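J.: Got a structure for you, questions after.
Readers should treat all values here as calculations from the given coordinates under stated rules, not as data from a laboratory. Keep in mind that this is a model prediction, so the values were computed, not measured. Note that we place each Cβ from the backbone using ideal geometry, even for glycine, and neighbour counts take in every protein chain shown.
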Amino acid sequence: MVAVNELQEMYENMVTARQYEERLQEEYLEGKQPAFDISAGPIPGELHLAAGHEAAGAGVCQHLRDDDTVTAPHRPHHVAIAKGVDLKRMTAEIFGRESGLSGGKGGHMHLFDPNVKFACSGIIAEGCPPAVGAGLAAKQRNTDSVAVAFLGEGAIDQGAFLESLNLASVQDLPVVFVVEDNDWAISMPKERVTDVENGAQRADGFGLHGARVDADDAVAVYDAARDAVGRARDGNGPSLLEVQVHRRMGHFMGDPEAYRPDEDKDAAQQRDSIERLEADLRANGVDDETIDDLRSRAHDRVEEAIEWAKDQPEPDPDDAYEDVFVNPPSGVTDSEPSTADTGGDD
Amino acid sequence: MAQQEDNASDQQADRSLTMSRAMVEAIAHEMRANDEVFYMGEDVADYGGIFDSTQGLLEEFGRDRIMDVPISETAYLGAAVGAAQEGMRPIAELMFVDFFGVAMDQIYNQMAKNTYMSGGSVNVPMVLTAAVGGTYNDAAQHSQTLYGTFAHLPGMKVVVPSTAYDAKGLMHNAIRDDDPVVYMFHKRLMGIGWLPAPDGPKTGVPEDDYTIPFGSADVKREGADVTIVTLGLHVHRALEAAADLADDIDVEVVDLRTLVPLDTETILDSVAKTGHLVVVDEDYRSYGVTGEIIASVAEAALDDLEAVERVALPDVPIPYARPMEDEVIPGTDDITEAVRTARGDE
Amino acid sequence: MSGTDDRVAVETSDRWPDDADETVGVVVNWFAAEGGHVAEGDAICEFQVEKVSVDVPAPATGTLEEIAVGEDEEFERGHRLAWIRPA
Ligand SMILES: Cc1ncc(C[n+]2csc(CCOP(=O)(O)OP(=O)(O)O)c2C)c(N)n1
Ligand SMILES: [Mg+2]
């Protein structure tokens, strides 16, 4: 059984993520209409939104503490929000501002918040090995923290993931691999890239626990994650949890999705884990007023974060030369070489 | 018949193409001529390549020859190596060159070395295509060119086109070449709607096939005072700088077009004329293209050199935020300044 | 060919993506220049609407006499992009 307050927390996280991304989308499109120029506007570069994935982030992270490690892939916002990443500084990072999590060096695919042990990588499946390393550290140090690697179903054909499963399994590490299966890897439908429909079966081949659950029911994700995270925390080894989610949008902003059948797009819109969880809340006796409160709290938090981020200064161009090392050895470029120093002799 | 073809090509002189369309035209031509040519990569079929590298090819050639593959770069790039060793002519695409790390063994220990290790009894006639470059705020994992990395490791021919005309001729040559060729196309030059190209890469392109031999640099602008040696996107930035400087300094712009083999002769001829060498590269500064070009000239013609400048990416990962990315990626102003410095007028 | 010397307009309405709500497009690329020869059916330009790129085939063989909407310029759906003098 799930306590109602936990359901409320999940609901708030999911609504926050949805509203956040709706606002990011507006900001992102500024300066990109009618001509979509990816380098224009207040948020340039790629932007991968996670509408339809929220229950995976919320249901899993509900069981995590600040000292548990999470690695996320290129589609990280909903997981970051559920893990408790500082929303203001995350937003400033996405806007490329000086007070962003990384001072504007990382951007939306590379969010790092060591306070809650959250990190991202834009290279498919490459967050898995570091999560195994975090699990290794926890085991060696005899703490009961766990590590969770999020990845897409397209990433489970990647060596880095399969090797990580094996290493985590053979060493009984406290790691949970969470596969967000949205049926698509950009334009490639799952059935064209793997013959195994249930990705959790990959677990069988490596001797770890596997489960698959449908995120339409956020409570089911919560339950499955409780089991997987609980095993890891109790020293019972790693798990692979595949969560069926839906991609409500294009792969990235600007994806015309010409490859995707209309029925599939429509189907993704029909199934909304947020609405379903709201119904669950009501069934558990939560009244309209409380739900409205949760929604408006999410709304205020999102607006506050975006307004704050947009007020932050841009980084100094010369900041680019800092942070290559924490302890810069001498002789390494820490500022642009002046052409005069190396210049001509006439 | 021949007459008609002549007429046809006269008319086609009026036609200009974007770089992506020119590449695709060459690939389609080779695929029609040779059943053993096929293309594999992520999102190359229905999507037509994230950077339009395979637009329209699926319709003509079908899924067996325009092949979407799982996100398993080691497996499919390695499969291209194996198929090439069987005598086929695979073209395999790495969506962003930044992902090379996932599959580097297949690239540099297998593809690049098998010919040599077999004493020349095995050859690997494949093309590895990869999108390169920054300037649109995609941050450190999606913006590199890595020209120097591939050119450094022996056994691969390395091609970097800067115009549609060159892209087509070089692609024909790459597919027909009996050795492995790494064909690196700059995203900013492809002529994609959402990533506008500068003026310059779109050129007239003959409809008939033609090859541009490897190791033939192209003097894109003649000049008497300073030689700029560069490649890719920076050919166009150098031409812009040359135009800006035209009243004071007569700049020659040499487009390398291939890094391996390197056309030192054209560079030396130019430096013999101008005495002033500026090398411009979008790759990292240290241990890279700029150092290599300057060392080659110094070795062969030290006496010709009055001044040397290099303009490259400083030794930092590429930052996300606009002010910092603009700072590190060489701009037209940086080139202008380096040319002036080389001439001793600051 | 009609045989008249009336100019033929290059139009986009029949190429407009079905699901686009947007009525403003942007010309992304011209593949032919003013005064150049074009062949019926060949893509002569490309426009973008709601991030979708669409090729526009030449409606006639002849000379591209006038380009009305240049690269990077916006236009309303239905607006003529160019005129061809049929040969
Ligand atoms: C090693 C590597 N290969 C390819 C890519 C390009 N890429 C980015 S996202 C993506 C699809 C990922 O699909 P999936 O894992 O299912 O995640 P989703 O985007 O569906 O959430 C690809 C191929 C990459 N970033 N890294
Ligand atoms: Mg997916």
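J.: Charges at C-beta only: +1 for Lys and Arg, -1 for Asp and Glu. How large is the resulting dipole of segment C:8-86 about its Cα centre, in Debye rounded to 20?
T.: 280
J.: Would you mind putting B:182-189, A:192-199, A:261-268, B:89-96 in packing order, based on average other-beta-carbon counts within 10 Å, highest first?
T.: Ranked from most to least packed, the peptides come out as B:182-189, B:89-96, A:192-199, A:261-268.
J.: Right, here's the next one. Against the 2.2 N^0.38 Å scaling, with N counting residues, where does segment B:218-342 land? I'd like the Cα-based Rg ratio to two decimal places.
T.: Working it through for segment B:218-342, the quotient is 0.99.
J.: Follow-up question, since we're still on this one. Quantify how strongly other chains surround peptide A:124-135 by giving the mean number of their Cβ atoms within 10 Å of each of its Cβ atoms.
T.: Mean inter-chain Cβ contacts per residue within 10 Å come to 1.
J.: Between residue B:88 and residue B:246, what length comes free when the chain is fully extended (0.36 nm per residue of separation minus the Cα-Cα distance, one decimal in nm)?
T.: Here the answer is 52.0 nm.
J.: Among B:24, B:130, B:62, which residue has its Cα positioned farthest towards the positive end of the charge dipole of segment B:1-140, with +1 placed on the Cβ of Lys and Arg, -1 on the Cβ of Asp and Glu, and the dipole taken about the Cα centre?
T.: It is B:130, whose Cα lies furthest towards the positive end.
J.: According to a simple spin-label model (label point 7 Å from Cα along Cα-to-Cβ), what is the distance in nm between residue B:345 and residue A:307?
T.: Those two pseudo-labels are separated by 5.5 nm.
J.: State to the nearest 20 debye the size of the charge dipole of chain B about its Cα centre, where the only charges are +1 on K and R beta carbons and -1 on D and E beta carbons.
T.: Charge dipole, chain B, about its Cα centre: 800 debye, nearest 20.
J.: Put +1 on the Cβ of every Lys and Arg and -1 on every Asp and Glu Cβ in the protein assembly as shown; which of B:212, A:40, A:142 then has its Cα farthest towards the positive end of the dipole?
T.: So the residue we want is A:142.
J.: In whole Hz, what ³J(HN,Hα) sequence does segment A:274-284 give by Karplus (6.51, -1.76, 1.60; θ = phi - 60°), x for Gly and Pro?
T.: My calculation for segment A:274-284 gives 5, 4, 5, 5, 4, 4, 4, 4, 4, 4, 8 Hz in order.
J.: I've got another one for you. Could you give each residue of segment A:125-136 its phi-based ³J(HN,Hα) in whole Hz, using Karplus coefficients 6.51, -1.76, 1.60 with θ = phi - 60°, and x for Gly or Pro?
T.: 6, 7, x, 5, x, x, 5, 4, x, 5, x, 4
J.: If you bin every alpha carbon distance in segment A:3-97 into 5 Å steps from zero, what whole percent lands in each bin?
T.: Answer for segment A:3-97: a P(r) of 2, 13, 22, 23, 17, 11, 6, 4, 1, 0 percent.
J.: Looking at chain A only, what percent of DSSP beta bridges run antiparallel? Nearest 5 please.
T.: Antiparallel bridges: around 10 percent, rounded to the nearest 5.
J.: Further question: Using helices alone, what [θ] at 222 nm do you get for chain A, with -39,500 (n - 2.57) per DSSP H run of 4 or more residues, divided over all residues and rounded to the nearest 500?
T.: Taking each H run of at least 4 residues, the total per residue is -13000 deg cm²/dmol.
J.: What percentages, rounded to whole numbers, describe P(r) for the protein assembly as shown computed over all alpha carbon pairs with 10 Å bin width beginning at zero?
T.: Pair shares across the bins are 3, 13, 21, 25, 20, 12, 5, 1, 0.
J.: Continuing with the same structure: With labels modelled as points extended 7 Å from the Cα through the Cβ direction, what inter-label distance (nm, one decimal) is found for residue A:26 paired with residue C:71?
T.: Roughly 3.5 nm, to one decimal.
J.: First select every other residue whose beta carbon is under 11 angstrom from the beta carbon of residue C:79; then total the charges, Lys and Arg +1, Asp and Glu -1.
T.: Charge balance in the 11 Å sphere: -2.
J.: Using Cα pairs under 8 angstrom and six or more residues apart, how large is the relative contact order of chain B, in percent?
T.: For chain B, the relative contact order is 16 percent.
J.: Turning to a different aspect of this structure: Among A:187, B:118, B:143, which comes first, then next, by fewest other beta-carbon atoms within 10 Å?
T.: B:118, A:187, B:143
J.: In terms of Cα to Cα distance under 13 Å, which aspartates and glutamates are near enough to residue B:113, apart from those fewer than 8 places away along the same chain?
T.: Result set, ordered by chain and number: B:105, B:179.
J.: Got a sec? Charge dipole of segment A:4-312, +1 on Cβ for Lys and Arg, -1 for Asp and Glu; which of A:162, A:299, A:203 is way out at the positive end?
T.: Projecting each Cα onto the dipole axis, the largest value belongs to A:162.
J.: About the Cα centre of the protein assembly as shown, how large is the charge dipole given +1 on each Lys and Arg Cβ and -1 on each Asp and Glu Cβ? Please answer in debye to the nearest 20.
T.: Charge dipole, the protein assembly as shown, about its Cα centre: 2260 debye, nearest 20.
J.: What's the FRET efficiency of residue B:268 with residue B:209 using the Cβ-Cβ distance as r and R₀ = 30 Å, to the nearest 0.05?
T.: Efficiency, from the Cβ-Cβ distance: 0.45.
J.: Net charge near residue A:301: determine it from the other residues with C-beta under 10 Å of the C-beta of residue A:301, scoring Lys and Arg +1 and Asp and Glu -1.
T.: Surrounding charge for residue A:301 is -2.
J.: Also, quick follow-up: Name the residues whose placed amide hydrogens come within less than 5 Å of the amide hydrogen of residue C:10, ignoring near sequence neighbours (fewer than 5 apart) on the same chain.
T.: C:81, C:82, C:83, C:84
J.: Quick one: order A:81, A:124 by neighbouring beta-carbon count within 10 Å, fewest to most.
T.: A:124, A:81
J.: With a sphere of radius 13 Å drawn around the Cβ of residue A:126, what net charge do the other residues whose Cβ falls strictly inside it have (Lys, Arg +1; Asp, Glu -1)?
T.: So the environment of residue A:126 carries a net charge of -3.
J.: Continuing with the same structure: Order these peptides, A:162-170, B:69-77, by their mean beta-carbon neighbour count within 10 angstrom, highest first.
T.: Taking the mean over residues of other Cβ atoms within 10 Å, the ranking is B:69-77, A:162-170.
J.: Please give the FRET efficiency for residue A:264 paired with residue A:172, using the beta carbon to beta carbon distance and R0 = 30 Å, rounded to the nearest 0.05.
T.: 0.15
J.: What base-10 log of the normalised intensity I(q)/I(0) is obtained for segment B:39-152 from the Debye formula, alpha carbons as equal point scatterers, at q = 0.10, 0.12, 0.16, 0.17 Å⁻¹?
T.: Ignoring solvent entirely, the Cα scatterers give -0.30, -0.44, -0.76, -0.85.
J.: Further question: Just to verify a number: FRET efficiency for residue A:282 and residue A:195, C-beta to C-beta distance, R0 = 35 Å, to 0.05?
T.: Calculated value: 0.25.
J.: Something else now. Just to confirm my numbers, what's the Cα centroid distance between segment A:222-236 and segment A:264-302 in Å?
T.: A separation of 26 Å, based on Cα centres.
J.: For segment B:7-204, what does the relative contact order come out to in percent, with C-alpha contacts under 8 Å and a separation of six or more?
T.: 26
J.: Among DSSP beta bridges lying fully in the protein assembly as shown, give the percent that are antiparallel, nearest 5.
T.: Antiparallel bridges make up about 35 percent of those DSSP assigns within the protein assembly as shown.
J.: Oh, and also: What are the residues whose amide H is under 5 Å from the amide H of residue B:182, where those residues sit 5 or more places off or on another chain and H is modelled from the backbone?
T.: It is B:128, B:157, B:158, B:159, by chain and number.
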